[in-house]
Structure formats: C-alpha cells, structure tokens
Amino acid sequence: MSRSTRVHLAAHLPGVDSTVVWSDPRSRSQTEFETFENLARSAERGLFDFLFLAEGLRLREFNGKIYENHVVGRPDSLVYLAAISAVTSRLGLAATVNTTYNEPYDLARKLATLDHVSGGRAAWNVVTTNDAFTGANFTRGGFLPDSARYERAREFLALTHDLWRSWSSDPLAPDPSRGWFTDSSSGVYSHRGQHFDVAGRFNVPTSPQTSPVIIQAGDSEEGRELAAETADIVFSKHTAPTPGRIFYQDIKNRLARFDRTRESLLVFTRASVVLGDSSADAQSRSTYLQQQQISPASALATLGGILGLDLSDHDPFGPPPPLDSSYRQVAAQGHTLIKTSGRADTVLRLHRLHESNPGSIVDLMRRFADPHTFVGTPRQVAHQIAEYVHTDVADGIIVDPAIVPESVADLVDRVVPELQDLGVYPDRYHGETLRESLFPDDQGQAPCTSQLP
C-alpha cells in the first residue's frame, strides 16, 4: 500500500460548536473519563492514528447564555490524554493548546512528559486565540492582532523545539568520584526574542519522539505559511471536494519553500459519517441527526452570531429577521462566528437560501449547515473515503462523531474492514512512535529544525 493511497483516520471528541448530540441517551458524559476511555479504545482497535481533543479556555456564550449544543465543562486535554495513555498502547494523543495564553517552557515540559509517559505518542495542535473574551481569564487579558499572534506562535514553537532538543543525545550519568553529572551542558538554553526572554536549563530529558508531532489548523495566509514551515499535520476545514483539493494543493505547494517534500506533511479534514443498512436508511439517519445538531436554540444562536443580533426572544419556528448585509458587525460576546471580511458573503448566502425557499429560522439554518460528509452503507462510505484520499481532497479524516462513543465504534466495526478489503488501510500499526506510524518511510524526522537567535 503506497502512501499516496493510504487512508489515515483519527477521532475527535468535540468541545464547542458541537456536532455531538449530547441530548441523545446513547451519548455519554463529556467529562467522565469513561467516555474518553471508550472512545480511545475503539479508535485504537480501528488502528486510528490519533485521538484529538480540543481546548477550551472559556465557555462560549451569546449574551451571557450557553446554548444546548455547547459542552458545559472544558476539562484540561493534557490531563485526560495522560490518563488515556495508561489504557492504550499505540494510539496517538493530540491536545490543542494555544500559544497566546501559555508559556513555552511550561508547555514544552508538559508535552515532553506526555511523550515520555505514553512511549512516544504525543501530538500538539498549535492554535492562537484572537478575542479579549478569552483573555479576560488571564492576567495579561486582551488579545493580539492577527500578525502579532502568529509572530508569537512562530517564536513560541521554535523555542519549544529548542527546549526539546537542548539535551545531548547521551544520557546524563553521575561521576562517582566527583559527585557531579559528567555532561553539564544538557538542557541549557538561552533565548531573547520579540515575545520571549528566557534562559535556564530544561529539566525533562529527551523524549521518545524528541519533538512531539505538530498539528496546525490555521486557514489564513499566516496560518498556512506557519503550517507549511513547521507542521507535520494540518487540519483542513474544507470538507467539500473542490475547495478541499484547492486547499490541499496550496498547502503542499508551499512546502518546497521550506525544503520539505510533499509527503512530509499530512492533510486531515474533519468529517462526519452516517451509516445505514441501505442508502435510504443512511439518508434518513442523516436528516434526523442534522435536526438534532441544529436545534432551535442552536439555530437562533448561530444566526444571531452571524448577524450580530440577540435573537433569543425570536420564535425559532417563525421567519428570520431581514437578511440585510448592512447589519453592523457586533462582537457577540464569546461567539463571533465569522470575521467582518467574510460576513457580507455569508449573509448574502443566507438571503439567497431564504429567497429560494422561505421558511423558519430553524429551516434556514439546517439548510445553511454543511451536510454530513459521508453518508451511505459501510461499503459505500468506504469507497467515498478512499476516493476522497485518492483525489487529493485530504490524506485522512478526523471523525466527528454524532453519538459518543458509539459513532466511532460503529465506524471501526463496519467501515474499517471495508477499507482494508479495498487495500487502502493498514492491518496493524507501524513503528513505535506516533511520528513513525504517520511517516514510516521518514524515520519520524520533525520538520521544524531552525534555531532561534
């Protein structure tokens, strides 16, 4: 099986803007460890590359209200992943941690520790935060403009790599005659930059991967450049084939500027999967799930966030307010869904959808939502996923489950065997670390090798 045809799979436990129907009796608690353990065990049984947990430094709100599809409670991802490492042996463990409200030394220690405790399975999804609402939880508060937060992220990321590599390749050994370690240089670092001025000695020895796998999801110009320069994996938000291929080629074409091959970075996209015993059954299930995912409260909050209006007193089964692109952009507290630059186009799309088929707010927002990515029988979905990868929409998918953990277990039991029959999915894990499993031909070499001044 060549890398170009291999399908990669990962699992995601969503946090906010959730695709999970938490009200469904089959969905388990979003904070009890049993939920995470069951999801991880299913993913590992299905030979998934990694389990991905999102970060939440503050619950999202709209005018002080948290609507029903948002998870109430955002436990720390690194703590849960450390616990998951004890009940799995090969599954990668990916945590989202942002560079805006963390410090390089502290985070480098935590990720290196996770890499040690898991035997080389740690991954870091590098994100930035651009709102003062989140910043209110921190001493510095406020937020950085886009250019500055990516500058900070680049410096943050390079410094963490320097910390991880600051230990010599030989382990420290005490000299019995002197009572000192023979290699006094291990862990020593010094950095003075635009955002960080730190010096000292890193206190975690070189971990199994040296550098945990780096994941990024930025879709802006700055985000794509940072991903091409530093990431092992990039998340694509483009699930439709045509925009997905455009994004895929754009990211891959940037790699040469950083002396990287196209195979050195994998593109994953979040995808929803709905299975049925027949095509009609799968479509019926998809319709039902979308109705649950776009609830009346969710429809009001989403449309309100787009328009910058508080629609909480509106009837979700009544008509929407005038879809006028002249609505001013209001930073709906903690829930600004789109930037000003793309807002007019979004409102225009909503206007056209409503004009073509007038209906209620709920009807409109369900039509506005992206359809489920893969819908069909297990064999049909396997062929859809294989075609997705074969035609360069993505190298792999991150499964967004509708029912946790049942949706992932169902895919593992019913779709993975079909993918294996097609010859596009492995029958065992390769390599010892997550990096070696993802890149078996490259011996797990990390892309970010630049040293900070």
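Mind running the shape call on the stretch 186-233? Use the C-alpha gyration tensor, a ≥ b ≥ c as the square roots of the eigenvalues: rounded below 1.5 for a/c, prolate if a/b tops b/c, oblate otherwise. Each step should come with its number before you reach the end.
Values: a/c = 4.16, a/b = 1.50, b/c = 2.78.
Oblate.
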## Note on the structure
Sorted on mean Cβ neighbours within 10 Å (highest first), peptides 268-276, 75-83 come out as 268-276, 75-83
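Which FRET efficiency, nearest 0.05, do SER168 and ASP250 yield, Cβ-Cβ r, R0 41 Å?
Details: r = 39 Å, r/R0 = 0.96.
Between SER168 and ASP250 the formula returns 0.55.
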### Summary
For ALA217, the net charge from surrounding residues (Cβ-Cβ under 12 Å; K, R +1; D, E -1) works out to +1
### Task
Show PHE138, PHE48 ordered by accessible area, largest first, where the area counts protein heavy atoms only and the probe is 1.4 Å.
PHE138, PHE48
### Task
At 7 Å along the Cα-to-beta-carbon direction for both THR139 and SER278, put a label point, then send me their distance in nm to one decimal.
6.5
### Query
In debye to the nearest 20, how big a dipole does the stretch 21-63 give about its Cα centre with +1 on each Lys and Arg Cβ and -1 on each Asp and Glu Cβ?
100
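The values are calculated or read from the model by the stated rules, or taken from the named source; none is laboratory data. This one's a predicted model, so the numbers in the text were calculated from it and none came from an experiment. Cβ coordinates were reconstructed from backbone atoms using ideal geometry, including for glycine residues, and neighbour counts include every protein chain displayed. Please note that ligands, DNA and RNA were not included when accessible areas were found on the heavy atoms of the full protein model with its side chains. Shrake-Rupley method; radii C 1.70, N 1.55, O 1.52, S 1.80 Å.
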